[in-house]
Amino acid sequence: LSQRLRLGRTQDTPRIERLYFLELLRSRQDDLPATGQGPTTAMALSGNLHWVWRDLDSVVLPTRGLTVALQTGAGQAGQVGGQQGGFGRFYGRVTGYLPLGQRWYGQARLEAGQIVRRDAVIVPDALGFRAGGDDSVRGYAYRSLAPLDAGGGTISGESLLTASVELARPILDNLPSVWGAVFVDAGRAVNHWRDYSPAVGWGAGIRWRSPIGPLRIDLARAQELQQWRLHLSVGIAF
């Protein structure tokens, strides 16, 4: 269970989005029966800046250009009744779009995140990172590529790295808004970089370039699980 209280200011333009805010965050984790550990609660008070920059031929249906999303934050955190200390949180996501000739279009994404803290300082789980799902690593369940706690439950990691490459083109000349695509995704969230081993997903899909953004239907193979998963999504995540 996570609870947030934010106070800030936002500024949105077609090219740049800015969000400055102070945040009070509280995260509570339930009992872990396998270990006998009771519920734990951590809190954090931080100042944050989120910034998005776009240079695209179309915000709704881009085929050429670049987007950059950056998040930074710093403050005090700790377990309730335990030690408090400073922490920093950093996240970045870069997505590029490029026409490749003969009606082929390429898209690539790189995403990374890191939390910096002393070992004794507990940061709320909601500040961490998870991977997996439609706009992350397809073939895996949403936010499932992350560390496990002692009871076998998924928790957020302190480090994140994912990447994606996709090629697409119109399927038929008389249906220019319907595209076919092939893709490869990879990545994972972990607590320590020494444990990092990217999970790979690959597959193919259909895109309908609708007036409100692309409707995507993807069938992806999770190489790590040896299973197929169907993904449905609408629009573009900046």
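The values are calculated or read from the model by the stated rules, or taken from the named source; none is laboratory data. Quantities reported herein were computed from a predicted structural model and do not represent experimental measurements. Cβ placement follows ideal geometry from the backbone for every residue including glycine, while neighbour counts extend to all protein chains displayed. Note: areas computed on protein heavy atoms with side chains; ligands, DNA, RNA excluded. Shrake-Rupley method; radii C 1.70, N 1.55, O 1.52, S 1.80 Å.
Points to keep in mind about this one:
- Cα-based shape type of region 1-138, given that a ≥ b ≥ c are square roots of the gyration tensor eigenvalues and the cut on a/c is 1.5: prolate
- I217 accessible area, 1.4 Å probe, all protein chains in place, Å² to nearest 10: 80
- Whole-number percent relative contact order across the chain, with pairs defined as alpha carbons under 8 Å at least 6 apart: 13
- In the chain, excluding the sites themselves, the longest stretch lacking any of the trypsin sites (Lys or Arg not before Pro) that are in a DSSP loop with at most 12 other Cβ atoms within 10 Å is 119-238.
- Only Lys, Arg, Asp and Glu carry charge here, each on its Cβ (+1 for the first two, -1 for the last two); on that basis the chain has a dipole of about 420 debye about its Cα centre.
- Surface calculation, 1.4 Å probe, protein heavy atoms: T41 sits at approximately 30 Å² accessible.
- Shape class of region 166-214 from the Cα gyration tensor (axes a ≥ b ≥ c, square roots of the eigenvalues): prolate, since a/c reaches 1.5 or more and a/b is larger than b/c.
- For region 1-115, the dipole from Cβ point charges (+1 on Lys and Arg, -1 on Asp and Glu) about the Cα centre works out to 240 debye, to the nearest 20.
- Judged by the gyration tensor of its Cα atoms, with axes a ≥ b ≥ c, region 102-162 is oblate; a/c meets the 1.5 cut and b/c is at least as large as a/b.
- When Rg and Dmax of the Cα atoms in Å is computed from the coordinates, the matching label among (1) 19.7, 66; (2) 16.6, 44; (3) 17.5, 53 is (1).
- L232 accessible area, 1.4 Å probe, all protein chains in place, Å² to nearest 10: 110
- Ligands, DNA and RNA left out, the 1.4 Å accessible surface of region 54-121 is 57% carbon and sulfur atoms.
- Dipole of region 7-88, positive end: most advanced residue of L49, Q11, T67 [Cβ charges, Cα centre]: Q11
- Magnitude of the charge dipole, region 91-132, Cβ model with Lys/Arg +1 and Asp/Glu -1, debye to 20: 140
- Probing with 1.4 Å while keeping every protein chain in the model, the per residue accessible area of the chain equals 54 Å².
- Theoretical FRET efficiency, 1/(1+(r/R0)^6), r = Cβ-Cβ of N191 and T72, R0 22 Å, to 0.05: 0.60
- Solvent-accessible area assigned to carbon and sulfur over region 135-238 amounts to 62 percent, based on a 1.4 Å probe.
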